Amino acid sequence: MNDMSRASKLEELDRVFSEMARFFISQWLVEEVEISPKQFILMRVLHQVKRSTVSDLANILKQSNSATTIALNRLVKANLVDRVRDEEDRRVVWVTLAPKAIPVIEGLLARRRLLVANLTEKLTDEELEQFTNCLEKMRQCL
């Protein structure tokens, strides 16, 4: 593949990624759940790890501590995230999902899994495996 052909393929990939991102956001972040895509990602990480410090969350999310704190403050205000001081070391503050947030995030994750299943239903098992492998290779570059 020559440079011009590769460049046009990359441009098309960028267009498809952008369109898919807009579609995903419009389909699974519904009005009755007033959280942004960034807040959803933060909540998803907390759902996976159960509890974390702000700095560990920032590292996982590849963003600054201050940006993570701002997102957390909004979620705390919405009663979706709790902050708790460590009993043994009062300098450490643990961040966890609030009980109210668990059905919200689990519902959004279920909705997303259904959406992915619907979008990939026309792929053969082999195509799905190839697609997944390609995305995993790309993810490893992050």
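The values are calculated or read from the model by the stated rules, or taken from the named source; none is laboratory data. Not measured: the values here are computed from a predicted model. Glycine gets a Cβ as well: all are built from the backbone with ideal geometry, and neighbour counts include every protein chain shown.
A few notes on this one:
- Of the residues in region 53-74, at least one is on the phi < 0 side of the Ramachandran plot, surrounded by 13 or more Cβ atoms within 10 Å (Cβ to Cβ) and of a type in the set (D, E, K, R).
- Failed item, numbered, when Asn79 is tested on (1) at pLDDT 85 or above; (2) within 20 Å of Leu108 (Cα to Cα); (3) polar (S, T, N, Q); (4) under 17 Å from the mean Cα position of the chain (by Cα): (4)
- Considering residues of region 91-114 that are aliphatic (A, V, I, L, M) and part of a helix (DSSP H, G or I) only, the residue farthest from Thr53 (Cα to Cα): Leu114
- Restricting the search to helices (runs of 4 or more DSSP H) fully inside region 35-90 and requiring at least 3 residues that are in contact with a Lys or Arg (Cβ under 8 Å, 6 or more places away or on another chain) gives 65-77.
- Every test in (1) among the charged types (D, E, K, R); (2) within 24 Å of Arg22 (Cβ to Cβ); (3) without any contact (Cβ under 8 Å) to a residue 12 or more places away in the chain; (4) out of contact with any Ser or Thr (no Cβ under 9 Å at 6 or more places or on another chain) is passed by Arg90 save one, and that test is (2).
- Test set (1) modelled with pLDDT under 95; (2) in contact with an Asp or Glu (Cβ under 8 Å, 6 or more places away or on another chain) - Arg85 fails condition number: (2)
- The set of residues from region 88-101 being of a type in the set (A, V, I, L, M) and either more than 19 Å from Ile41 (Cβ to Cβ) or at pLDDT 95 or above (or both) comprises Val92, Val93, Val95, Leu97, Ala98.
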